[in-house]
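Asker: Below you'll find the structure I mean.
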Amino acid sequence: MTVTTTWAVIAGLGLGLGLVTVIFSLPAMNRTRFVDRVAPALRSTGMDSGLFTTDRHPVIPLGAVGRLFAPLLKAAVAHLDRFSFDTAALQRRLEQADSSISPTEYRLQQVAMAAAGALLGAGLNLVAFVSGQFHGLLAALSVLVLAVLGFALRDNLLSAQIRRRQRRMLSEFPTVAEMIALAVSAGESAPGAFERVSRVSRGELNVELTRVLHDTQAGHGFSQALKAMSRRVQSPPISRFLEGIIVAMERGTPLADVMRAQAQDVRDLSKRDLMETAGKKEISMLVPLVFGVLPLTVIFAVYPGLELLSIGI
């Protein structure tokens with residue numbers, strides 16, 4: 001490898017690191033979560049003086065450089081946490097995606113995709129070697145990067161599957177919650193309402209309702225089955241709905257009133273989500289208008305005048 005190529009690689013790595021740092025520093029990538037905004041208002045304030053507290057903020061090494069790259073490192077650690085080899089966490093993610101494969105099979109698929117990426121990199125390097133443009137460092141780096149990308153691609157596919165399933169469940173949730181509330185208002189118990197709705201409904205939530213019934217038939221308590229469903233779904237609106245049912249059953253609150261209130265909350269949530277989606281789509285609809293229709297209008301207005309000036313009329 002020549003000196004020019006070496007400096008080109010170093011400059012390219014520096015440029016890539018700078019671009020990644022700039023991207024992760026954008027406001028869109030550092031939005032404050034709703035939990036973080038609400039936490040200061042809900043946190044209890046103690047009467048102790050701050051001089052005697054033992055909690056200290058972690059010291060960031062390398063001074064200003066460390067503080068500059070701290071958000072990038074935190075984001076990288078958060079993304080790497082998904083690749084942990086915790087079998088229990090992986091099993092929960094597979095349950096969220098309603099996948100029938102085991103954690104061992106999933107890891108084998110990840111290894112297979114990493115091997116496919118490495119083979120692709122080796123093939124590209126073989127073509128470069130035949131054409132006389134082979135570089136050892138770039139070859140090793142390309143094989144490593146493609147293997148890592150293949151390994152990460154399987155995790156991204158699982159995350160996308162989880163997101164699609166959660167969107168489908170949230171779209172089905174208002175109707176299912178209303179049906180459960182109507183069944184309870186008609187005199188059914190909570191387990192009976194779940195069983196009746198599971199017989200007449202279809203979709204992703206029907207799968208979870210069927211699992212709840214199977215857990216109760218296997219000997220688990222109905223509250224335990226609802227808590228297990230909440231852990232599997234990992235959706236705040238559905239979890240609040242299930243927690244309301246559990247609290248009403250444990251405290252003896254009239255279940256029909258609680259279910260109607262929960263169903264009303266679900267309808268309001270769906271309306272808010274619809275308004276937020278409409279607002280986002282309204283902004284995206286401006287893109288073809290600004291970059292498509294408006295330039296064509298300007299061209300149609302200016303071009304005849306330019307043509308008249310060119311012919312001297």
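Where a number appears in this text, it was derived from the coordinates with a stated rule and is not lab data. Owing to the predicted nature of the structure, the values given are computational and were not obtained by experimental measurement. All Cβ positions, glycine included, derive from the backbone under ideal geometry; neighbour counts span all protein chains shown.
Asker: Relative contact order of region 205-284: what whole-number percent is it, with Cα pairs under 8 angstrom and at least 6 residues apart?
Answerer: 16 percent
Asker: Further question: Just need the relative contact order of region 126-237 here, percent rounded to a whole number, with Cα pairs under 8 Å and 6+ apart.
Answerer: Once normalised by length, the contact order is 19 percent.
Asker: Packing-wise, with mean Cβ within 10 Å as the measure, how do 11-22, 277-288, 257-268 rank, highest first?
Answerer: The most tightly packed comes first, giving 257-268, 11-22, 277-288.
Asker: With each label point set 7 Å from Cα along the Cα-Cβ vector, what nm distance links Glu250 and Phe291?
Answerer: Output for this residue pair reads 5.2 nm.
Asker: Additional query: Using Cβ counts within 10 Å as a stand-in for footprinting exposure, how do Val212, Val184, Val111, Val38 rank, fewest first?
Answerer: Placing the least packed residue first, the sequence is Val38, Val111, Val212, Val184.
Asker: What does the charge add up to near Val148, with Lys and Arg as +1, Asp and Glu as -1, over the other residues with Cβ less than 12 Å from its Cβ?
Answerer: Computed value for this residue: 0.
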